[in-house]
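Have a look at the structure below, then the notes.
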Amino acid sequence: MYNGPTNALPSNFMPHSDQLPESVPEATLASLLEQARHAALHSYSPYSGFRVGAALLLTNGAVVTGTNVENVSYGLTICAERAALVSAISQFGPEIRIAAVAVANLNESASPPCGACRQVLAEFIRPSAPVLFPMAGGLRTMPFADLFPLAFDMKLKQGPTP
Ligand code: ZN
């Protein structure tokens with residue numbers, strides 16, 4: 001039986017400390033968008049042709065990218081944002097925090113993060129983190145908390161029993 005440290009580490013829904021500055025310079029966001037665009041080149045999207053890339057800036061300074069990976073069983077498709085998040089945790093562990101997100105779409109289509117990705121990002125992203133994505137009228141940047149104001153949270157009346 002594995003007795004090492006638990007991975008039940010602090011998420012946004014658990015207390016944690018995060019001392020790094022919250023402001024993300026415009027140039028950093030522009031670079032993040034470029035990296036998202038690069039990731040979108042790897043998209044596996046033979047069914048929709050919708051080629052998306054996401055880049056996450058972590059509070060440790062690293063940038064992790066992801067792209068959408070479709071499947072013939074459509075419901076198994078994973079979005080670029082979640083692919084990037086899974087990769088970030090795989091590389092750096094569950095204590096990561098996301099400081100900024102950029103989403104790029106090679107079809108020049110609007111690509112705000114879908115509802116599922118918003119909920120999954122909510123677990124690890126700073127509420128103030130800028131999220132940059134293409135809309136019909138051009139690029140848009142919003143703080144995550146404005147993009148997803150009522151994240152599901154699990155509030156138990158009493159703590160879970162070990
Ligand atoms: Zn999504």
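Over all projection directions, the Cα-based convex hull of the chain averages an area of 11.5 nm². Extending 7 Å from Cα along the Cβ direction at Ile89 and again at Tyr47 yields two label points whose distance is 2.3 nm.
Laboratory data are not the source of any read-out in this text; all were calculated from the coordinates shown. Just so it is clear, the structure is predicted and the values come from calculations on it, not from any experiment. Cβ atoms come from the backbone with ideal geometry, glycine included; neighbour counts cover every protein chain shown.
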